[in-house]
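Notes to accompany the following structure.
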Amino acid sequence: MFRRNVPVYLFTGFLESGKTSFILDSLSQDYFNTGERTLLIVCEEGEIEYDTKELVNKNVYVEYVNEEKDLTPGLLKKFDASSKPKRVLIEYNGMWKIESIMEEIYPQTWEIAQIISMVDYGTYGMYWSNMRSMLMDQLSLSDMIIFNRCDETTKRNELRRNIKLFNKKAQIAYDFVEGFDGDQMAEELPYNIDADEIDIEDDDFGIFYMDAMENPDKYDGKNVHFNGLFFRPSNYPMNRFVPGRFAMTCCADDITYLGLICNTESDVDFEERQWISVNAQIKSEYVKDYRDKGPVLYLKDIKAGTRPEDDLVYF
């Protein structure tokens, strides 16, 4: 019988980040384990081991892949033929490149349903400071990122801002000693969002950009003022441009432009990358360039701006 739409749940994270524990806990929950035939592919073995006999009783069948080079379309096709799963769970090796496990490698009937990343809060600071590129590679495609082993000192706003810089779509949650907590804490914004005009200081542009991109409806109808660069893509008309700032996402060689689309009633023209002062009203609209609903600026006033002492945005 021809099978369709076998969902693949991909679990990423470095060694000892808690992937195995999370998978076992999920498989013990009635909402997740409803008895369907499940293939569990394990690419990394930590301190906690899987009891394959016990898992078989739950209709879960385990296969191991020890080397990245062995993870091929042919091997996954073989696993598919032998197990005929209704769903697939993959515990991925944190030191392997995430590109090696994306869509192209799967059998035709498999498709990624969710990418879940586990992060040990105790070691996150070390990875962020010393191995940021590798950490960002692990988390950049995640649908959900779970920080575990958190405590009362956990700086949730700081973690959230770091992640949202390079992964806007990810849901973020925290696993404390006292229990699991979704990301429901309100963002502590450094500006007054209820002011007649939201005045964004130079150091706060990155926070404003990420919060507005993530929550465009919250800013719908708001007036805003900020200092930024003038930039107009070559395919834009003279009555549209993208004011913004450059942000350092990883290192001096990894710079990203953070900009918001701005519409104007008449043509506006400044020199490329000239500093400007923008006053605009924000509307929450679907825009093709965003590929989603997002904040669109409608210009009220523009004039030459002043270059900040440090023209980069940092997180």
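Throughout, read-outs are computed from the coordinates displayed, never taken from laboratory work. As the structure is a prediction and not an experimental result, all values here were calculated from the model. When we count neighbours, we look across all protein chains shown, and the Cβ atoms used for this are built from the backbone with ideal geometry, even at glycine.
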Take the alpha carbon gyration tensor of segment 85-143, find the square roots of its eigenvalues, order them as a ≥ b ≥ c, and report rounded if a/c is under 1.5; if not, report prolate when a/b exceeds b/c, else oblate. prolate
Per-residue HN-Hα couplings for segment 94-102 [Karplus 6.51, -1.76, 1.60; θ = phi - 60°; Hz; x = Gly/Pro]: x, 9, 8, 5, 5, 4, 6, 10, 8
Between ILE145 and residues 5 or more places away or on another chain, which pairs have amide H atoms under 5 Å apart, with H built 1.01 Å from N, and which residues are they? SER117, GLN171, ILE172, ALA173
Which ³J(HN,Hα) values, rounded to whole Hz and listed in residue order, are derived for segment 258-264 from phi using the Karplus coefficients 6.51, -1.76 and 1.60 in 6.51 cos²θ - 1.76 cosθ + 1.60 with θ = phi - 60°, glycine and proline given as x? 10, x, 10, 5, 10, 9, 10
HN-Hα couplings for segment 302-307 via Karplus (6.51, -1.76, 1.60; θ = phi - 60°), in whole Hz with x for Gly/Pro, come out as 8, 7, 4, x, 10, 5
About its Cα centre, the chain carries a charge dipole, from +1 on Lys and Arg Cβ atoms and -1 on Asp and Glu Cβ atoms, whose size in debye to the nearest 20 is 1340
Quick query: amide H of LYS86 versus all other amide H atoms, modeled in the peptide plane; which residues come in under 5 Å with a sequence gap of 5 or more or a different chain? ARG37, THR38, LEU39
Give me the aspartates and glutamates in straight-line cross-link reach of LYS53: C-alpha distance below 14 Å, same-chain residues under 8 apart excluded. GLU63
Give me the extension gain from ASN59 to MET144: residue separation times 0.36 nm, minus the current Cα-Cα distance, reported in nm with one decimal. 28.0 nm
Calculated FRET value between TYR236 and LYS168, using beta carbons and R₀ = 30 Å, to 0.05: 0.85
Sequence-separation-based contact order of the chain, relative, with Cα cut under 8 Å and 6+ spacing, percent: 14
Sum of -39500 (n - 2.57) over DSSP H runs of 4+, divided by residues of the chain (222 nm, nearest 500): -6000 deg cm²/dmol
Just to be sure I understand, if you calculate Kirkwood radius over Cα pairs in Å for this structure, which of (i) 20.0; (ii) 22.0; (iii) 20.8 do you get? (ii)
Placing +1 at every Lys and Arg Cβ and -1 at every Asp and Glu Cβ, with all other atoms neutral, what dipole size does segment 198-313 have around its Cα centre, in debye to the nearest 20? 500
Largest first and rounded to whole Å, the semi-axes √(5λ) derived from the alpha carbon gyration tensor of segment 14-172 read 28, 18, 14
In this model, which of LYS168/LYS218; LYS86/LYS164; LYS164/LYS288; LYS84/LYS168; LYS19/LYS288 are farther than 25 Å apart at the alpha-carbon? LYS86/LYS164; LYS84/LYS168; LYS19/LYS288
With viscosity set to 0.692 mPa s and temperature to 37 °C, compute the Stokes-Einstein D of segment 209-314, Rh being the Kirkwood radius across alpha carbon pairs; µm²/s, no decimals. 231
Residues ALA81 and GLU285, FRET efficiency given R0 of 51 Å [Cβ-Cβ distance, rounded to 0.05]: 0.60
